[in-house]
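Take a look at the structure below.
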Amino acid sequence: MSIQLRGARPQPAINVDGAGARVVLSGDWTLSVLNPRCVDIRRQLEAASGAPAWDLAGVSRLDSFGALLLWRAWGRRRPPQLVLPEALESVFNRLADLGDASLPVEPPYRFLDATAHLGRLLLGLVRHLGHFVVLLGQLLLDLLYLLRNREHWPLHEMSANFYKVGVKAMPVTALVGFLIGVVMSYLSALQLRAFGADTFIVNILGLGIIRELGPVLVSVLVAGRSGSAMTAQLGVMRVTEEIDALTTMGVSRYVRLVLPKVVALTLAMPLLTLWGSSVAIFGGMVSANVQLDMSFDYFLNALPRAVPAANLVIGLAKGAVFGLLIALVACHFGLRVKPNTESLSANTTASVVTSITVVILVDAVFAILTRTIGLPYR
């Protein structure tokens, strides 16, 4: 900002009257004029900083840079006797409102700093859990509202999100699943052939992919692809104030933005899990045919006997739960984004890392709870 009092643009001058008791400033105090003489101007201001009386009536132009030079020379407060034109009052009033704007000094390391850091992490985790519970509770209330008012269901948003997180994720899921199936079959065939247990490759691939690896692999892919996209979308809407605009218009952000994503991913994940597991088993079947000369007919006939149907139910249930958790975590971090790009990138990264961690933890819980279900040999 620059304020001009007169049309002329003379060079800045500092005149000290008497015994250094009064300082008279004149000329143009702007960045373009002060920059070549900045060092000399600073030195003169420091020498005259103790003067009680300052006269700025002769200043022709003044911008924020020149005002800040004077403000620092005055010790961040006005001199006792200051002659200041009315047009310059607003500039120094804003500087006075800033207070002490110096950068914070990092305190020296102390023995308990690690403990304090751990405490801050635990408190942050508690806050995240609290906000997550609030989000889950709000979604449950919205579901109850929509059950009573079925005409308000955001069906178009759900359909669009289902296409984005489900249909568009099928190619990459199929590619990764096929390669994983080939790798698992190849490595298992090398070991089974040494012991003459070629037929057990059906058990290894069936149980490993349908029960465990399929749901987890698809969930990790979806967390990195769709979960990050959900967080980024909500974060950008926060930065551009679109969410605030929805609130102003009386539109619930949870019904229009969060609920469609949660419902779509919860419904799409079991289907993606079934698709990815099927392609992975196909890849394993192709590799078993090449490595062990096992026919496709034998593999397909032996698969239902080696893998009970309960394993398929467990895999699909894992997919639905994982999809629900990934969507909730993604929306939670998306709504926490502050209106700046640094917060957007940090929350998107935290969303992906947290989603993958939650998927692995919940998969371990599933493994413990279902350890006696669907296993042919126990």
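The values are calculated or read from the model by the stated rules, or taken from the named source; none is laboratory data. Note that the structure is a prediction, hence the values are computed from the model and not measured. When we count neighbours, we look across all protein chains shown, and the Cβ atoms used for this are built from the backbone with ideal geometry, even at glycine. SASA here: full protein model, heavy atoms, side chains in, ligands and nucleic acids out. Shrake-Rupley method; radii C 1.70, N 1.55, O 1.52, S 1.80 Å.
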Return the single residue from E151, E86, E242 with maximal mean-square fluctuation; model: Gaussian network over the chain, springs between Cα atoms under 10 Å. E86
How large a share of the accessible area of the chain, in percent, is made up of carbon and sulfur atoms when the probe is 1.4 Å and the other protein chains stay in place? 66
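Work out how much length R72 to Y186 would gain on full extension: take 0.36 nm times their residue separation and subtract the Cα-Cα distance, in nm to one decimal.
Stretched fully, the R72-Y186 segment lengthens by 33.8 nm.
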Heavy atoms only, 1.4 Å probe, whole protein assembly: order S277, S295 by accessible area, highest first. S295, S277
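Explain nothing, just the number: dipole magnitude of the range 246-366 about its Cα centre with +1 on each Lys and Arg Cβ and -1 on each Asp and Glu Cβ, in debye rounded to the nearest 20.
With Lys and Arg at +1 and Asp and Glu at -1, about 580 debye.
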At T349 and N35, where each label point lies 7 Å from the Cα along Cα→Cβ, what is the point-to-point distance in nanometres? 3.4
Taking a ≥ b ≥ c as the square roots of the eigenvalues of the Cα gyration tensor of the chain, is the shape rounded (a/c under 1.5), prolate (a/b larger than b/c) or oblate? prolate
Just want the answer: with Cβ charges of +1 for Lys and Arg and -1 for Asp and Glu, which residue in L34, V134, L155 is farthest toward the dipole's positive end in the chain? V134
Enter the accessible area of I326 (Å², nearest 10), with the probe set to 1.4 Å and all protein chains included. 0
Theoretical FRET efficiency, 1/(1+(r/R0)^6), r = Cβ-Cβ of T372 and H156, R0 51 Å, to 0.05: 0.70
Please report, ordered by residue number, every helix of the chain (full DSSP H runs) that is 24 Å or longer along its axis going by C-alpha atoms and whose mean Kyte-Doolittle hydropathy reaches 1.0. 113-148, 170-195, 259-292, 309-335, 341-369
Whether the range 253-355 is rounded, prolate or oblate, judged on the alpha carbon gyration tensor where a/c under 1.5 counts as rounded: prolate
